[in-house]
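Below is one structure, written out as structure tokens, with a few remarks after it.
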Amino acid sequence: MSTPNCYHITTFGCQMNKADSERMAGILDGMGMSWEEDPFKADLVLYNTCTIRDNAEQKVYSYLGRQAKRKHQDPNVTLVVAGCVAQQEGESLMRRVPELDLVMGPQHANRLGDLLEQVFQGNQVVATEPVHIMEDITKPRRDSDITAWVNVIYGCNERCTYCVVPGVRGLEQSRTPEAIRAEMEDIARQGFKEITLLGQNIDAYGRDLPGSTPEGRHKHTLTDLLYYVHDVPGIERIRFATSHPRYFTERLIKACAELPTVCEHFHIPFQSGNNDILKAMSRGYTHEKYRRIIDKVRHYLPDAAISADAIVAFPGETEEQFQDTLQLVEDIGFDLLNTAAYSPRPGTPAATWDNQLPEEVKADRLQRLNHLVSLQAAERSQRYADRVETILVEDINPKDPTQVMGRTRTNRLTFFEGDIQALRGQIVPVKITQVRPFSLTGVALVHSLA
Ligand code: SAH
Ligand code: SF4
Ligand code: F3S
């Protein structure tokens, strides 16, 4: 098989997958291939897949069916499935779609080059065994030139009873603070302005690294990491996700309040507002504890944006228990809430329980929660009206090229009139003139930023 000239990557799922795709694209660039926008024209097609819910998983099968057909016409096409479906299905995916050349789990993303060498020698390859994730030596091909992701911890050691992530992403592996800072410095030198530190359970950062402080506290926590990396020259904004309420500390909130580059934006999924459901999910906290965390955040940072994830219709959830979720949402006032109906996943405990709820109940609860969420987002947006916000400009508004778009420190998407050539990567004070539930429009208070 000859080395392909051009490649296409389609990415499903969360920010971890997006970050992995950027690293894999960097490896393919390094092998001399070029990006092809059309997946049906590319010589090498890579699907980086997600299996968090059944509908996420099913999406990839329909694409694979079409690509497999194409391969019968053109046997030189190289087909790769990476990510979480690849990890979950492994060999059986290869049996189901024998046209595949490579099936590789997320821990193998940095090994794409080696794995493809084996493919080009004529092998069909499945790489799903757990490995120690190599420090990356290739430059990612990043989608944006203003904001970048930096992985700080891979994997997850929690055992939420509904979740496939620990099974597909493996055990926690933290990168060293030195490696993280070095990557951030490199990103800053390339002109990026904002970094989001990534981990499925980012509060677990450092648990697996050696070392403790003289007081006996673990030396490497997320808080310590923020103190260590907050002042990388050129990086104006730092975000982090995802936080777990079980491990979220007051020390972390204080660090966010104290460090000017760390943004007032917290993503802390609660999943359910009912303690019995939280227990059945094995989440390890109560709704009272969750409320205390949010109170603390708002005590130190009254304007902070709070976003979260929630699941409705978990096995056995009664109407009253669902009402507790509505109540929590009502009381807290989220800026953004990602909602989902429970989806039974292979290999997870909750999928085997006999108290699964019917589809009608799932759809009804999801719709009721979403209705409340959109009302609330609209209400939360109101606080921006007539205020001056600092916007980090990322790009043009794809719907109106006379406008640029960027985000507030609290992560609200904001549009205003301006020239992208002059403004890209600049932080601009903008007076907000229109508010919508999930975005804002304003006018720049400075027009020339030479
Ligand atoms: N590590 C993060 C979230 C990871 S998955 C955390 O602990 O919160 C992203 C979101 O997908 C979860 O927060 C949850 O709301 C949702 N999710 C995960 N498994 C699901 C399932 N089986 N059914 C429906 N939603 C699910
Ligand atoms: Fe899944 Fe729970 Fe880990 Fe989040 S903390 S990735 S929900 S197991
Ligand atoms: Fe999906 Fe894997 Fe992320 S299952 S949500 S892509 S960790």
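Local charge sum around Ser21 (other residues, Cβ-Cβ under 11 Å, Lys/Arg +1, Asp/Glu -1)? Could you put the intermediate results ahead of the total?
On the way: positive: Lys18, Arg23, Arg141, Arg142; negative: Asp20, Glu22, Asp143.
Local net charge: +1.
Can you give the Rg and Dmax of the chain based on its C-alpha atoms, in angstrom?
That works out to 22.6, 66 Å for Rg and Dmax.
Report the Cα centroid-to-centroid distance between region 80-157 and region 357-407 in angstrom, as an integer.
33
Under the definition of Cα pairs under 8 Å and six or more residues apart, what whole-number percent is the relative contact order of region 59-157? Write out the running numbers ahead of the final one.
Working: 95 pairs, mean separation 21.5, N = 99.
Here the relative contact order equals 22 percent.
Would you work out if region 1-88 is rounded, prolate or oblate? Take a ≥ b ≥ c from the square roots of the eigenvalues of the alpha-carbon gyration tensor; rounded if a/c is under 1.5, else prolate when a/b is larger than b/c, oblate otherwise. Could you put the intermediate results ahead of the total?
Numbers: a/c = 2.31, a/b = 1.25, b/c = 1.86.
Here region 1-88 falls in the oblate category.
In whole percent, and with a 1.4 Å probe on the protein chains, what portion of the accessible area of the chain is carbon and sulfur? Each step should come with its number before you reach the end.
On the way: 9950 of 19510 Å².
Of all accessible area on the chain, carbon and sulfur atoms account for 51 percent.
For region 102-251, report the % of Cα-Cα distances exceeding 18 Å. Mind dumping the intermediate values first?
Working: 7034 of 11175 pairs.
So the portion of pairs separated by more than 18 Å is 63 percent.
With n ≥ 4 as the cut-off for DSSP H runs, can you work out [θ] at 222 nm for the chain, using -39500 (n - 2.57) per run divided by the number of residues, rounded to the nearest 500? Walk me through the numbers before you get to the answer.
Values: 14 runs with 155 residues, N = 450.
About -10500 deg cm²/dmol.
Using every alpha carbon pair in region 385-444, what percent of pairs falls into each 5 Å bin from 0 up to the bin containing the largest distance?
Going out from 0 Å in 5 Å bins, region 385-444 shows 4, 24, 37, 25, 9, 1 percent.
Taking the Cα-to-Cβ direction at Glu129 and at Thr249 and moving 7 Å from each Cα, how far apart do the two end points lie in nm?
Once both label points are built, they end up 3.7 nm from each other.
Going from the alpha-carbon gyration tensor of region 225-271, what semi-axes, largest first and in whole Å, does one get by taking the root of 5 times each eigenvalue? Before the final figure, lay out the partial values.
On the way: eigenvalues 86, 25, 14 Å².
Working from the Cα gyration tensor, I get semi-axes of 21, 11, 8 Å.
Relative contact order for region 262-304: what percent, with Cα pairs under 8 Å and sequence separation of 6 or more?
Values: 22 pairs, mean separation 16.8, N = 43.
Taking the mean separation of contacting Cα pairs over the length of region 262-304, I get 39 percent.
Amide H to amide H, which residues 5 or more places from Trp149 or on other chains are under 5 Å from it, using H placed in the peptide plane?
Residues meeting the criterion, in which the H sits 1.01 Å from N, are Thr196.
Could you state the accessible area per residue of the chain in Å², with a 1.4 Å probe and every protein chain left in place?
Values: 19510 Å² over 450 residues.
Result: 43 Å² per residue.
List the relative contact order of the chain as a percent without decimals, with contacts defined as Cα pairs under 8 Å and 6+ residues apart.
Rounded, it is 10 percent for the chain.
Which of the three applies to region 80-121, rounded, prolate or oblate, going by the alpha-carbon gyration tensor with a ≥ b ≥ c and a/c under 1.5 meaning rounded? The partial results should precede the final answer.
Values: a/c = 2.88, a/b = 1.19, b/c = 2.43.
Here region 80-121 falls in the oblate category.
How do the peptides 333-345, 429-441, 113-125 rank, highest first, by the average count of neighbouring beta carbon atoms within 10 Å per residue?
333-345, 429-441, 113-125
The values are calculated or read from the model by the stated rules, or taken from the named source; none is laboratory data. Everything quoted here is computed from the prediction, not taken from an experiment. We place every Cβ from the backbone using ideal geometry, glycine too, and count neighbours over all the protein chains shown. Note: areas computed on protein heavy atoms with side chains; ligands, DNA, RNA excluded. Shrake-Rupley method; radii C 1.70, N 1.55, O 1.52, S 1.80 Å.
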